[in-house]
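J.: Structure below; questions to follow.
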Amino acid sequence: FQVRSRDPGGGNSTMASPGLSPDSSSHSAPACSPASDSENLSADELELLAKLEEQNRLLEADSKSLRSVEGSRRNSGSSLVSSSSASSNLSHLAEDTWVLWGRIVNDRDALTPPLPQELIRKGIPHPFRAVVWQLLCGAAALPVRGQYSELLRRSSPCERLIRWDIARTYPEHDFFRGQDSLGQEGLFNVMTAYSLVDREVGYCQGSAFIVGLLLMQMPEEEAFCVFVRLMQEYRLRELFKPSMAELGLCIFQFEALLQ
């Protein structure tokens, strides 16, 4: 192994690296030392040479980096195995999550409080949300569930206002786009039925966005029951009363926290 370097006089000299050349003892050319040539180098070249020497010293001192280079050549195929095993672990993790939520849905007693909050905060898988949301809030046991079809046969004084606002609820969402879309029809039915159940609140435009979100996850009768439960048991109806006093309180609390 030989390195050719340009000497200060413009010629070429050969520097043999001991121990790397099989016939290094036969070369009589003197080795170039940085100390002997440093007088003829510029300041920039000296600075660069110092940086190179420092890097070489660090590389030589770092035995771990040398072993890692050699190991990477020997184990180039094993990295594919490790990456595949990592993806396999992820798939097993996702599978375990599905199995866990499947067991929870099948075992209704597991959904009674207290349910581990960490599990919910990690996210309920999309296919399970419709069932889990209903079970968590107890919507299936509502007496009003059997009255939904009857409520739809009745007329509400809020129908005209509801129909007017329907197109302004998630207007860019494909499910609610179009006057004859299933989303708009389901939203109209749920909002009309609730206006008959809760005469004090009746209809408020802001609540339609909650119903719209529920309709993205479940049929309209189930969405109606969950919405009734949220409004009555979780006090969301306090935000939509005509005085909107609770909404003003929430805004005040938010502004105080923000300050």
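The values are calculated or read from the model by the stated rules, or taken from the named source; none is laboratory data. Owing to the predicted nature of the structure, the values given are computational and were not obtained by experimental measurement. Methodologically, a virtual Cβ is constructed for each residue, glycine included, from the backbone with ideal geometry; neighbour enumeration extends over all protein chains shown. When the accessible area is computed, the model is the full protein with side chains, heavy atoms only, and any ligands, DNA or RNA have been set aside. Shrake-Rupley method; radii C 1.70, N 1.55, O 1.52, S 1.80 Å.
J.: I need the phi-derived Karplus couplings for segment 132-141: 6.51 cos²θ - 1.76 cosθ + 1.60, θ = phi - 60°, integer Hz, Gly and Pro marked x.
T.: So the Karplus estimates, Gly and Pro as x, are 5, 4, 5, 6, 5, 8, x, 5, 5, 8 Hz.
J.: Which GluC sites (Glu not before Pro) from segment 185-259 combine a DSSP loop assignment with at most 15 other Cβ atoms within 10 Å?
T.: Values: sites: 185, 200, 220, 221, 222, 233, 238, 246, 255; in loops: 200.
Qualifying residues, ordered by number: 200.
J.: Give me the one-decimal nm value for the distance between modelled label points at residue 57 and residue 251, 7 Å along each residue's Cα-to-Cβ direction.
T.: Distance between label points: 6.8 nm.
J.: With every protein chain kept in place and ligands, DNA and RNA left out, what is the accessible area per residue of segment 145-250? Probe 1.4 Å, answer in Å². Intermediate values should be presented prior to the final figure.
T.: Details: 5700 Å² over 106 residues.
Per-residue accessible area for segment 145-250 comes out at 54 Å².
J.: A follow-up question, please. Tell me, how many Å apart are the Cα centres for segment 151-196 and for segment 122-148?
T.: So the two Cα centres are separated by 21 Å.
J.: Take every Cα-Cα distance within segment 145-250, group them into 5 Å bins from 0 onward, and report for each bin the whole-number percent of pairs it holds.
T.: Bin by bin from 0 Å, the calculated values are 2, 13, 25, 26, 20, 11, 3, 0.
J.: Next question, about the same structure. Karplus couplings for segment 226-242 from phi (6.51 cos²θ - 1.76 cosθ + 1.60, θ = phi - 60°), rounded to Hz, Gly and Pro as x?
T.: Per-residue couplings from phi come out as 5, 5, 4, 5, 5, 6, 8, 8, 9, 6, 5, 5, 4, 6, 10, 5, x Hz.
J.: What size of dipole, in debye to the nearest 20, comes out for segment 145-250 about its Cα centre when the only charges are +1 on Lys and Arg C-beta atoms and -1 on Asp and Glu C-beta atoms? Before the final figure, lay out each step's value.
T.: Values: 12 positive and 15 negative charges, 56 e Å.
Dipole about the Cα centre, nearest 20: 260 debye.
J.: Largest first and in whole Å, what are the equivalent-ellipsoid semi-axes of segment 192-258 based on the Cα gyration tensor, each being the root of 5 times an eigenvalue? Display every interim value, and only then the final one.
T.: Working: eigenvalues 110, 41, 17 Å².
Listed largest to smallest, the semi-axes of segment 192-258 are 23, 14, 9 Å.
J.: Calculate what fraction, in whole %, of the accessible area of segment 145-250 sits on carbon and sulfur atoms when a 1.4 Å probe is rolled over the protein chains.
T.: 53 percent
J.: At a Förster distance of 22 Å, what's the computed FRET efficiency of residue 149 paired with residue 180, Cβ-Cβ distance as r, to 0.05? Before the final figure, lay out the partial values.
T.: Values: r = 21 Å, r/R0 = 0.96.
The value I calculate is 0.55.
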